Amino acid sequence: MRLFIAIELNDEIKAALRKAQGALSAFDRAVRWVTSDQMHLTLKFLGEVPDARVEEVTAAAGRVAQASSLFEMVVGGCGCFPANGRVRVVWVGLNEPSGTLAACNDLCEARYAEIGFDRERRTFSPHLTLGRVRDDRTGGKLREAVEGTRFEPLRQTVESMCVVQSTLTPHGARYAIIARHALTVA
Ligand code: 3AM
């Protein structure tokens, strides 16, 4: 099954993400917006994992969680990937002053490399995906609108991380949490 490691978002943040999508509704034809139950923060994409290895993968996430303390993140600010040209992903950014999220991502990369998963080559750019664009033909209008969209900062204390199964369907990805591991209380 296709798996990734993620952090769940609270309802207040999800509602604010929906509101940001609403503010950009002029681009509803260009952008495939993620639904509330698809909203999350990805820590590590694992890809296809044989059923026989799911337990091992889940246990590795448990060890990462145990070695990470709970932390606070501040969500806010809209942007696009890539940084220039046609937009492929519309996102909301986040700050995490303690550095725990970055450390948690490093730990994931290390633990999963030890058990044979590829390391992510791209630098970790934590973000909350709002929507994906197949072919941006808006001539820069989408980027301009996204970069002009206000998103008031919201806080969340992150207390756990999850192993998520992603099933690709013609209507988009369906996500199901298969394990949830508590972070350590310092
Ligand atoms: O929605 P976000 O950006 O958090 O983009 C995919 C999504 O992240 C990412 O994993 C999350 C769940 O699907 N993803 C998909 N394929 C990927 C790959 N080959 C990938 N990340 C890295 N490499």
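Where a number appears in this text, it was derived from the coordinates with a stated rule and is not lab data. Because the structure is a prediction, the values reported are computed rather than measured. Cβ placement follows ideal geometry from the backbone for every residue including glycine, while neighbour counts extend to all protein chains displayed.
Side notes on the structure shown:
- Each 10 Å bin, from zero up to the one with the longest distance, holds this percent of the alpha carbon pairs of the chain: 9, 36, 36, 17, 3.
- ³J(HN,Hα) computed for each position of segment 92-106 - Karplus, 6.51 cos²θ - 1.76 cosθ + 1.60, integer Hz, glycine/proline x: 10, x, 8, 10, 8, x, 6, x, 5, 5, 4, 5, 5, 5, 4
- Long-range HN-HN contacts of VAL87 with modeled amide H, under 5 Å: ASP136
- Put simply, the amide H of VAL34, placed in the peptide plane, has neighbours under 5 Å in GLY131, ARG132, leaving out anything fewer than 5 places away on its chain.
- In segment 61-132, trypsin sites (Lys or Arg not before Pro) in a DSSP loop with at most 16 other beta-carbon atoms within 10 Å: ARG86, ARG88, ARG119, ARG121, ARG122
- For LYS44, distant residues with modelled amide H under 5 Å away: ILE5
- Only Cα pairs under 8 Å and 6+ residues apart enter the sum, and on that basis the relative contact order of segment 1-137 stands at 33 percent.
- Cα pair distances of segment 137-186 binned at 10 Å [whole percent]: 18, 21, 32, 25, 4
- 3J(HN,Hα) couplings calculated from phi for segment 69-75 with the Karplus curve 6.51 cos²θ - 1.76 cosθ + 1.60 (θ = phi - 60°) are, in sequence order, 8, 5, 8, 10, 10, 10, 8 Hz; Gly and Pro show x.
- Across segment 40-52, rounded Karplus estimates of 3J(HN,Hα) from the backbone phi angles (6.51 cos²θ - 1.76 cosθ + 1.60, θ = phi - 60°) give 6, 10, 7, 9, 7, 8, 9, x, 6, 10, x, 3, 5 Hz, Gly and Pro being marked x.
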